[in-house]
């Protein structure tokens with residue numbers, strides 16, 4: 001032993017002290033939330049460049065990220081001297097990438113953004129020069145956070161009813177179901193008379209179930225929050241009747257409570273006729289066309305959701321944001337403006353299959369001529385989106401659990417909703 | 001000894017201590033690359049996550065992480081009083097209490113069999129039992145989903161003997177046992193290898209001496225082999241329990257914590273909490289788990305070290 005014990009103890013103590021100092025520094029320095037800025041603080045206003053210049057960096061996910069670099073060549077040609085640098089990223093890592101970029105202050109100029117109100121502080125407000133008046137109101141609400149428009153709707157995802165016409169005919173249905181009673185009757189008939197294993201595919205409590213069941217709640221007149229968005233309103237008569245209706249499918253054995261939730265399984269069950277009816281977005285058309293080809297196109301149809309008190313669908317999709325930390329914001333807004341024009345959106349539909357958020361783009365022959373799109377166009381007029389608040393993620397997960405308890409745990413709807421309301425109150429509205 | 005050392009140090013004076021200081025400095029220089037990397041990528045995140053667990057930080061604060069309120073132990077109280085966490089703790093406890101003894105017993109049994117019983121084809125058996133350990137959990141989960149599906153392999157086999165099996169992964173009763181079975185299958189190989197090494201380190205003359213004294217097989221196992229294997233068993237059980245307490249992968253790929261949260265473990269709860277952006281609460285949950293793992297490890301050391 002060259003070093004005596006006392007010296008060791010001192011060294012040890014100083015290491016501990018250093019560690020403690022780091023901890024204390026992290027825990028205490030600059031602690032305390034700043035008072036909410038409130039309305040008094042002047043919003044930095046954004047402007048749109050007359051002509052885009054310089055380099056614009058953009059992040060986009062999945063299919064869009066792959067197709068955009070080619071698509072924006074037109075924009076580059078219209079604005080000489082601009083280069084748009086699109087970085088494609090996988091959906092799975094998008095959230096993390098945004099989080100890291102925002103924390104590090106190393107953001108792109110603009111990005112494709114699927115809602116994500118959690119990052120609202122990093123988004124620049126949308127300038128007045130970008131016109132969203134021609135866009136579907138449900139879609140615009142997905143970009144409105146705390147009453148301010150922070151995201152410009154780009155493409156929409158809206159739900160409609162898909163069913164197999166060949167099997168429906170066998171079951172004695174030559175017209176689409178118009179009401180909830182008819183929908184359930186038709187599902188039961190498909191099962192009994194057309195040999196389907198299950199009548200319809202419905203959410204049974206796995207991730208995303210609450211969101212997938214929202215069309216039922218909205219169609220029976222429910223609202224997620226009260227008018228001034230100060231409280232969740234989940235334990236209501238309207239929610240109860242929607243969830244009772246959902247639960248009845250499982251009680252009667254028309255829907256499978258343990259269906260495989262992988263997207264590929266939904267397509268497979270639809271095409272084999274095992275589950276010949278489901279509620280889904282426009283992307284399913286693409287998946288069906290890819291797997292079944294032309295021949296299958298005549299074997300199914302898409303129709304608006306059967307009405308309860310109304311036929312109100314769910315609308316989502318992706319928006320465009322420009323970050324506060326953007327290096328070339330004015331030109332980035334110019335690109336957003338271009339992407340949200342009707343003719344650009346119609347052209348983008350032909351390239352990607354993404355449905356336009358702007359109503360006038362739907363007049364394009366390419367969209368009008370596709371018979372499977374009419375139902376989506378119809379639903380978009382009235383479709384709603386959940387409020388863009390950070391806490392909806394948690395409330396939605398609690399809702400998933402509530403549905404699972406109703407469907408698989410045999411919990412009475414009233415009990416499940418009372419508990420859900422209590423959880424939502426605890427989670428809060430911000 | 002300390003007195004004489006102090007005297008020596010005092011007498012040596014300036015030149016000696018000057019050299020020591022230089023040596024220390026050089027030593028630090030050599031270790032600097034590691035120390036810097038370790039400090040930046042390990043100590044800093046660990047220290048800051050401890051710090052964050054005492055605040056109300058959420059994902060909305062990432063731009064200004066120091067602009068949060070200090071809330072003391074509130075997050076810890078939140079986690080501990082959350083019924084979902086209590087459920088997760090119970091699920092994890094069941095997983096550990098059932099899983100560890102079964103894995104240890106199976107690993108030990110296989111190691112003993114390979115060490116003395118099985119003579120032919122020994123390498124093939126070793127590979128077969130160890131293969132699950134090195135296989136990717138994603139690939140494994142695909143296979144196991146087929147095995148455990150409603151009309152899967154297991155239920156087909158059961159049907160042959162006239163038993164109608166349940167829908168294993170969608171049953172609140174059977175989902176956790178199914179995952180325990182899968183975890184045991186995946187981890188037995190690790191313990192087998194460790195125990196095999198321990199067994200081979202036991203000197204043969206001890207066994208021979210016991211044999212000369214007239215001890216039978218069972219007696220030799222109980223009074224000679226197992227006591228000598230105790231340090232190895234300590235190592236094995238600590239390793240495996242650290243892994244089991246962090247039970248996550250199996251549930252993540254097979255059941256997503258369902259049905260009705262019956263396979264939602266503590267790690268899964270923490271993962272979900274991070275997913276919701278509740279960084280402070282998730283950090284608190286992580287440190288609660290850290291304390292539990294440390295406590296369980298200490299307990300095992302106490303229990304198994306007693307006579308060594």
Projected area, mean over directions - the stretch B:170-306, Cα convex hull, nm²
10.5
In nm², what is the average projected area of the convex hull enclosing the Cα atoms of the stretch B:29-95?
7.3
Rounded to whole Å, give me the distance from the Cα center of the stretch B:84-102 to that of the stretch B:133-155.
22
The extension gain from residue B:290 to residue B:97, computed as 0.36 nm times the residue separation minus the Cα-Cα distance, is 67.7 nm
Can you work out the FRET efficiency for the pair residue A:66 and residue B:230, with r the C-beta to C-beta distance and R0 = 51 Å, to the nearest 0.05?
0.30
What whole number of Å gives the distance from the Cα centroid of the stretch B:242-291 to the Cα centroid of the stretch A:361-377?
45
Can you put A:392, A:283 in order of Cβ neighbours within 10 angstrom, beginning with the fewest?
A:283, A:392
So what's the gap between the Cα centers of the stretch B:200-218 and the stretch A:137-213, to the nearest angstrom?
72
How many percent of all Cα-Cα pairs in the protein assembly as shown sit more than 36 Å apart?
57
Where does helix A:329-339 land angle-wise versus the long Cα axis of chain A, in degrees 0 to 90, nearest 10?
10
Plugging the Cβ-Cβ distance of residue B:67 and residue A:233 into 1/(1 + (r/R0)^6) at R0 = 25 Å yields, to the nearest 0.05, a FRET efficiency of 0.20
Cα-based radius of gyration of the stretch A:49-151 once divided by 2.2 N^0.38 Å, which approximates compact folds:
1.13
Order by neighbour count: B:171, A:313, B:81, A:220, fewest other Cβ atoms within 10 Å first, most last.
B:81, B:171, A:220, A:313
Tail beyond 17 Å, pair distance distribution of the stretch A:216-342 (Cα, percent)
73
10 Å Cβ neighbours from other chains, averaged over peptide A:100-106
2
Please report A:64, B:211 as a ranked list, fewest other C-beta atoms within 10 angstrom at the top and most at the bottom.
B:211, A:64
Here the alpha-carbon Rg of chain B over 2.2 N^0.38 Å rounds to 1.34
Can you compute the modelled spin-label distance between residue A:244 and residue B:38, with each label point 7 Å from Cα toward Cβ, in nm?
6.6
Highest-MSF residue in chain A out of A:168, A:88, A:104 [GNM, Cα springs under 10 Å]:
A:104
Using only Cα atoms, tell me the angle between helix A:392-407 and the longest principal axis of chain A; keep it within 0 to 90° and round to the nearest 10.
40
In nm, the gap between the two label points placed 7 Å beyond Cα toward Cβ at residue B:121 and residue A:291 is 4.1
Restricting the count to DSSP beta bridges whose residues both fall in chain A, what percent are antiparallel, rounded to a multiple of 5?
65
Evaluate the distance, in nm, between pseudo-label points positioned 7 Å from the Cα of residue B:303 and of residue B:151 along their respective Cα→Cβ axes.
4.5
With N residues in chain A, what two-decimal value do you get for its Cα radius of gyration over 2.2 N^0.38 Å?
1.15
Return the Cα extents of the stretch A:335-395 along principal axes one, two and three, sorted largest first, each rounded to a whole Å.
41, 30, 18
Take the Cα gyration tensor of the stretch B:68-118, multiply each eigenvalue by 5, square-root it, and list the three semi-axes largest first, rounded to whole angstrom.
43, 12, 5
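Here, each number is a calculation from the coordinates, and none is a lab measurement. Fair warning: this is a prediction, and the values are worked out from it, not measured in the lab. Please note: Cβ atoms are built from the backbone with ideal geometry, for glycine as well, and neighbour counts cover all protein chains shown.
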